[in-house]
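The values are calculated or read from the model by the stated rules, or taken from the named source; none is laboratory data. What you see is a predicted model, and the numbers here were worked out from it, not measured in a lab. Positions of Cβ are generated from backbone atoms using ideal geometry, with glycine treated the same way; all protein chains shown enter the neighbour counts.
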Amino acid sequence: MSLARRGVVVTRPGALAAGLADRIEAAGGRAIRFPAIETEDLPLPDALQRAASYDLVIFVSPTAVDKATRDGRRWPRAAAVGAGTRQALEARGIAPVIAPQGEADSEALLALPELRQVAGQRVLIVRGQGGRALLGESLAARGAWVDYAECYRRTRPRADPTALLAPHCSARRARRGCAPLRFSFPTRGSPPKPSAWACGRSSLPARPTTRCCGGWWHTSRHE
């Protein structure tokens, strides 16, 4: 798919935006990095100090890997919700890693044979604050003892998004007028949605020259 002459707003956190931005530019587009979500460190939970006592440690995101594995400790058997998290673990020298192929979510991980027989095992889930309950609840229903290590929280960046469409509006401003663009950036659960686009009209054009994407909401849905 060609993205020639298109600007694409990458809404992933700054540290995770490079890969998508590179793919956009390789397809001929212009990547506009504007994170709609950021992360803040939390004090490391006590459970991480006891990580070696668990039978399995599950990391739900590359961010969880980054926050929890900085001290070079030894880890027991590890699992990841997807390829990106698996690669982050391997980059820290943690291998082999149990991870689904293709899909990257709790459902895909739970479907793997290694996680079907967990009765009596102690499982630690490393995640962000307030992540989905599905993974832990499903493992507990299968007989596992589940603990959580929440080592970061998601935050809403303080930024003014009105400049995002400046190139789009500039050509129209002289002849039609261009009111500021306002975006509503939720912290999790759904993609960013324009709340107003006023370039001489009251509704979104059928073919906007700048599109919002990034996929972060697919990740934060289960992290």
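Residues checked against (1) in contact with a Pro (Cβ under 8 Å, 6 or more places away or on another chain); (2) of a type in the set (A, V, I, L, M, F, W, C); (3) farther than 16 Å from Tyr148 by Cβ:
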| residue | (1), (2), (3) |
| --- | --- |
| Pro62 | no, no, yes |
| Arg73 | no, no, yes |
| Pro100 | no, no, yes |
| Asp105 | no, no, yes |
| Ala119 | no, yes, yes |
| Arg122 | no, no, no |
| Gly128 | no, no, no |
| Arg132 | no, no, no |
Query raised in the report: From the residues in the range 119-143 that are hydrophobic (A, V, I, L, M, F, W, C) and surrounded by 21 or more Cβ atoms within 10 Å (Cβ to Cβ), which one is nearest to Thr85 (Cα to Cα)?
Result: Val126
Query - The listed residue being out of contact with any Ser or Thr (no Cβ under 9 Å at 6 or more places or on another chain) and either acidic (Asp, Glu) or farther than 13 Å from Val57 by Cβ (or both), out of Ala149, Ala88, Ala119, Ala104 - result: Ala119
Requested in this report: Test each condition in (1) farther than 23 Å from Leu134 by Cα; (2) surrounded by 15 or more Cβ atoms within 10 Å (Cβ to Cβ); (3) touching a Cys at 6+ places or on another chain (Cβ under 8 Å) for Pro35 and report the one that comes out false.
Outcome: (3)
Query raised in the report: Does the range 60-69 include one or more residues that are surrounded by fewer than 19 Cβ atoms within 10 Å (Cβ to Cβ) and not in a strand (DSSP E or B)?
Result: no
Query raised in the report: Is one or more of the residues making up the range 38-59 closer than 17 Å to Arg12 by Cα, assigned to a loop (DSSP other than H, G, I, E, B) and touching a Ser or Thr at 6+ places or on another chain (Cβ under 9 Å)?
Result: no
Query raised in the report: Taking the condition of a type outside the set (Lys, Arg), surrounded by 14 or more Cβ atoms within 10 Å (Cβ to Cβ) and modelled with pLDDT under 95, does Ala104 pass?
Result: yes
Query raised in the report: Applying the selection to the range 1-37, what residues are part of a helix (DSSP H, G or I) and not small (Gly, Ala, Ser)?
Result: Leu16, Leu20, Asp22, Arg23, Ile24, Glu25
Query - Count - residues of the range 105-143 that are touching a residue at least 60 places away in the same chain (Cβ under 8 Å), in a loop (DSSP other than H, G, I, E, B) and not β-branched (Val, Ile, Thr) - result: 5
Query raised in the report: Across the range 16-30, which residue is farthest from the chain's Cα centre (by Cα) among those that are in contact (Cβ under 8 Å) with a residue 12 or more places away in the chain and closer than 21 Å to Arg156 by Cα?
Result: Ala21
Report summary line: Flagged in the range 82-104 as not in a strand (DSSP E or B) and either not assigned by TED's automatic domain parsing to the domain that holds Asp71 or not small (Gly, Ala, Ser) (or both), in numbering order, are Thr85, Arg86, Gln87, Leu89, Glu90, Arg92, Ile94, Pro96, Pro100, Gln101, Glu103
Query raised in the report: What single numbered condition from (1) surrounded by 14 or more Cβ atoms within 10 Å (Cβ to Cβ); (2) of a type outside the set (A, V, I, L, M, F, W, C); (3) in contact with a strand residue (DSSP E or B) (Cβ under 8 Å, 6 or more places away or on another chain); (4) modelled with pLDDT under 95 fails to hold for Glu40?
Result: (1)
Query raised in the report: Checking Asp46 against (1) in contact with a Lys or Arg (Cβ under 9 Å, 6 or more places away or on another chain); (2) surrounded by fewer than 22 Cβ atoms within 10 Å (Cβ to Cβ); (3) of a type outside the set (Gly, Ala, Ser), which single condition isn't satisfied?
Result: (1)
